[in-house]
Amino acid sequence: MSEPSIFTRILQGEIPSEIIAETENAFAIRDIAPQAPVHLLVIPKSQDYRNVVELAAGDPDLLSELIGLANTLAAEHADGDFRLIFNTGPAAGQTVFHVHAHVLAGGLEEGRLGG
Ligand code: AMP
């Protein structure tokens with residue numbers, strides 16, 4: 001069994017953070033270093049999957065649950081539109097190896113990806 005991740009420790013109440021939403025298998029918190037007006041993290045309660053590729057292969061229903069929770073939160077905290085980011089691997093900026101989705105919303109028109 002690996003060491004509890006920072007997100008597991010938040011879920012267990014060992015590290016203070018407000019859990020702003022919860023489903024059967026997932027929960028959400030505010031990112032401590034927000035990169036957008038709304039910047040939330042949607043996280044499986046289990047730390048079995050290190051990244052979204054492992055999650056998609058191992059439990060696609062749980063991946064779907066994460067996306068549904070992101071959608072609900074974007075409607076509650078912004079206008080419903082959102083950007084979903086899964087940093088995958090250290091070179092892509094992943095620092096916590098307990099899969100999580102960054103949900104960015106609110107005023108994203110500037111600095112959008114793509115042409
Ligand atoms: P990543 O770099 O994609 O692995 O994302 C990890 C995210 O967790 C970063 O955006 C951090 O700002 C965020 N983070 C780290 N510690 C905390 C914490 N205690 N509460 C909320 N967010 C955190």
Relative contact order, percent, the chain [alpha-carbon distance under 8 Å, six or more residues apart]:
28 percent
Please identify the longest segment of the chain free of exposed GluC sites (Glu not before Pro), where exposed means a DSSP state other than H, G, I, E or B and no more than 11 other Cβ atoms within 10 Å.
25-108
Cα centroids of segment 63-97 and segment 33-49: how far apart, whole angstrom?
6 Å
Most fluctuating of Val53, Val38, Val103 in the GNM of the chain (C-alpha, under 10 Å) is Val53
For the chain, what does the helix formula give at 222 nm: sum of -39500 (n - 2.57) over DSSP H segments with n ≥ 4, over the residue count, nearest 500 deg cm²/dmol?
-8000 deg cm²/dmol
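Please compute the net charge surrounding Val103, taking Lys and Arg as +1 and Asp and Glu as -1 over other residues with Cβ under 14 Å from its Cβ. Provide the component values of the computation, followed by the final result.
Details: positive: Arg30, Arg83; negative: Asp31, Glu65, Glu76, Asp79, Asp81.
Result for the local shell: -3.
What relative contact order, as a whole-number percentage, does segment 2-64 give when Cα pairs under 8 Å and 6 or more residues apart are counted? The partial results should precede the final answer.
Values: 60 pairs, mean separation 14.9, N = 63.
The value is 24 percent.
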Net charge contributed by nearby residues that have their C-beta within less than 12 Å of Gly89 (K/R +1, D/E -1):
0
With Cα atoms, 0 to 90° folded angle of helix 60-77 axis to the chain main axis
40 degrees
Taking the C-alpha atoms of the chain, convex hull volume expressed per residue in Å³
118 Å³
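Using the Cβ atoms and a cut-off under 14 Å, what net charge is assigned to the surroundings of His77, where Lys and Arg are +1 and Asp and Glu are -1?
With Lys, Arg at +1 and Asp, Glu at -1, the net is -3.
A short reminder: the numbers here are calculations on the coordinates, not readings from a lab. In this text the structure is predicted, and so the values were computed from the model without any measurement. When we count neighbours, we look across all protein chains shown, and the Cβ atoms used for this are built from the backbone with ideal geometry, even at glycine.
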